[in-house]
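See structure below.
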């Protein structure tokens, strides 16, 4: 939050989507995150207010590095998929463009013009 809005007991902007012109789920997610990080606190029946200071340790928490994570042993015993008997007519893998559709001639012309 901006330093100017960090006044003790200051009310943050309205959470109503009508007042803020932002979707209700977006506003709810933002408020939940601010509460989780200790920047605001809710008071039953009074609303949400900026806290004096963030929760102790809120900014220093980090996710584990994952260096000690290993797959379970049974994953190593599973045989890989056999290669296909013939190449498929269509490639439905995500993120793999069809090279035949790339405009190589136009690309070469534009690269040559810019170089």
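The values are calculated or read from the model by the stated rules, or taken from the named source; none is laboratory data. Everything quoted here is computed from the prediction, not taken from an experiment. All Cβ positions, even for glycine, are placed from backbone atoms using ideal geometry, and neighbour counts span all protein chains on display.
On the basis of being modelled with pLDDT under 85 and in a helix (DSSP H, G or I), does residue 27 make the cut? Reasoning before the result, please.
On the way: modelled with pLDDT under 85: yes; in a helix (DSSP H, G or I): yes.
Yes; evaluated as a whole, the condition is true for this residue.
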- Message: Regarding region 82-103, can at least one residue be identified that is surrounded by 10 or more Cβ atoms within 10 Å (Cβ to Cβ) and modelled with pLDDT of 80 or more?
- Response: yes
